[in-house]
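Visitor: Handing you a structure now.
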Amino acid sequence: IGKGGMATVYRARQLSMDRPVAVKILSDTYAAEEKFARSFLKEAKSAARINHPNLIQAVKVGAEDGHLFYAMELVKGVTVGERIARDNALEMDYALNIVQQTAEALHVAWTQESLIHRDIKPDNIMLADDGHAKLMDLGIAVRHDEAADVEVSGTPKYMSPEQFRGRALDCRSD
């Protein structure tokens with residue numbers, strides 16, 4: 001389905017539930033480094049505990065034959081980035097609706113798991129065919145109590161100033 005700097009996402013079938021899923025597999029380079037492997041599994045488990053219509057739901061997290069993975073619901077649709085590339089712009093009411101839905105997902109991630117996403121951008125918001133905006137890619141998300149110990153990470157074009165400068169983060173950073 002896609003490939004990022006740290007992982008590749010594949011379309012797969014969850015055999016136990018006989019349904020399509022997306023499986024994100026951490027690259028071998030990052031999986032070999034304990035801090036990345038531990039962080040990937042920990043944050044995926046945090047994401048799996050959150051259930052909200054505007055957040056892509058994790059269905060399984062684990063390791064198989066040395067490969068770390070994170071299985072999640074498969075959403076039919078396009079990203080906000082793809083939609084903007086196709087249409088050049090979004091109508092204001094529609095864009096505000098996407099922002100509201102994304103903010104609701106971030107609020108739940110913060111209040112339930114103290115998660116800071118750290119990579120909010122058009123390519124990490126899916127526009128599902130059913131009309132829901134769904135936040136995805138919690139790959140570099142951190143818990144608030146660990147945010148002071150993480151390296152600066154994210155997409156520079158979309159980073160908050162405090163994140164870019166390596167300063168204290170909280171939910172306002174997203």
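The values are calculated or read from the model by the stated rules, or taken from the named source; none is laboratory data. What you are looking at is a predicted structure, and each value in this text was computed from that prediction instead of being measured. Neighbour counts run over all protein chains shown; Cβ positions are idealised from the backbone, glycine included. Just so you know, the surface numbers come from the protein's heavy atoms only, side chains and all, with ligands and any DNA or RNA stripped out. Shrake-Rupley method; radii C 1.70, N 1.55, O 1.52, S 1.80 Å.
Visitor: Pop out the ³J(HN,Hα) list for segment 117-133 in order, Karplus 6.51 cos²θ - 1.76 cosθ + 1.60 with θ = phi - 60°, rounded to Hz; leave Gly and Pro as x.
Guide: So the J values, rounded to whole Hz, are 5, 6, 8, 6, 7, x, 6, 10, 10, 8, 10, 6, 4, 7, x, 6, 8.
Visitor: Counting helices only, and only those DSSP H runs with n ≥ 4, report the 222 nm mean residue ellipticity of the chain as the sum of -39,500 (n - 2.57) divided by its residues, in deg cm²/dmol to the nearest 500.
Guide: -9000 deg cm²/dmol
Visitor: Looking at the square roots a ≥ b ≥ c of the eigenvalues of the Cα gyration tensor of the chain, which shape do they give, rounded for a/c under 1.5, prolate if a/b is larger than b/c, or oblate?
Guide: It comes out oblate by the Cα gyration axes.
Visitor: Let me ask something additional. Where only protein heavy atoms count, and the probe is 1.4 Å, what is the accessible area per residue for the chain in Å²?
Guide: With all protein chains present, the chain gives 58 Å² per residue.
Visitor: Turning to a different aspect of this structure: Can you list the HN-Hα couplings for segment 57-74, worked out from phi with the Karplus curve (6.51, -1.76, 1.60; θ = phi - 60°), rounded to whole Hz and with x for Gly and Pro?
Guide: My calculation for segment 57-74 gives 7, 7, 10, 6, 9, x, 9, 9, 6, x, 9, 8, 9, 8, 9, 9, 4, 9 Hz in order.
Visitor: Place +1 on the Cβ of every Lys and Arg and -1 on the Cβ of every Asp and Glu in segment 1-140, take the dipole about the Cα centre, and give the residue among G4, T29, I84 whose Cα lies farthest towards its positive end.
Guide: T29
Visitor: Give the shape of segment 7-103 as rounded, prolate or oblate, defined through the alpha-carbon gyration tensor: a ≥ b ≥ c are the square roots of its eigenvalues, a/c under 1.5 means rounded, and otherwise the shape is prolate if a/b is larger than b/c and oblate if not.
Guide: prolate
Visitor: Let me know the charge dipole size of the chain about its Cα centre in debye, to the nearest 20, where only the beta-carbon of Lys, Arg (+1) and Asp, Glu (-1) is charged.
Guide: Rounded to the nearest 20 debye, it is 160 debye.
Visitor: Under a crude label model (7 Å from the Cα following the beta-carbon direction), how far is E146 from I84 in nanometres?
Guide: 2.9 nm
Visitor: Now, a different point. Peptides 11-19, 60-68: what's the order by average Cβ count within 10 Å, highest mean first?
Guide: Ranking, from highest mean packing down: 60-68, 11-19.
Visitor: Still on this structure, please answer the following. Taking the Cα centre of segment 1-74 as origin, work out the dipole magnitude from +1 charges on Lys and Arg Cβ and -1 charges on Asp and Glu Cβ, in debye rounded to 20.
Guide: 220 debye
Visitor: Tell me which residues come under 5 Å, amide H to amide H, from A7 once H is placed; ignore anything under 5 positions away on its chain.
Guide: Here the answer is S27, since their amide H atoms fall under 5 Å of that of A7.
Visitor: On to the next question. Once neighbouring chains are kept in place and the probe is 1.4 Å, which whole percent of the accessible area of segment 1-89 is contributed by carbon and sulfur?
Guide: Within segment 1-89, the accessible surface is 53 percent carbon and sulfur.
Visitor: Relative contact order for the chain: what is it in percent, counting Cα pairs under 8 Å that are at least 6 residues apart?
Guide: 19 percent
Visitor: For the chain, with a Gaussian network of springs between Cα atoms less than 10 Å apart, report the residue from A44, A32, A71 with the top mean-square fluctuation.
Guide: Evaluated over the chain, the most mobile residue of the options is A32.
Visitor: Under 13 Å between alpha carbons: how many lysine pairs meet that in the chain, if sequence neighbours fewer than 8 apart on the same chain are excluded?
Guide: Eligible lysine pairs with Cα atoms under 13 Å apart amount to 7.
Visitor: Pop out the ³J(HN,Hα) list for segment 16-24 in order, Karplus 6.51 cos²θ - 1.76 cosθ + 1.60 with θ = phi - 60°, rounded to Hz; leave Gly and Pro as x.
Guide: Residue by residue, segment 16-24 yields 5, 10, 6, 9, x, 9, 9, 10, 9 Hz.
Visitor: Return, ordered by residue number, the residues of segment 52-90 whose backbone nitrogen is under 16 Å from a label point located 7 Å along Cα→Cβ of M17.
Guide: 52-62, 70-76
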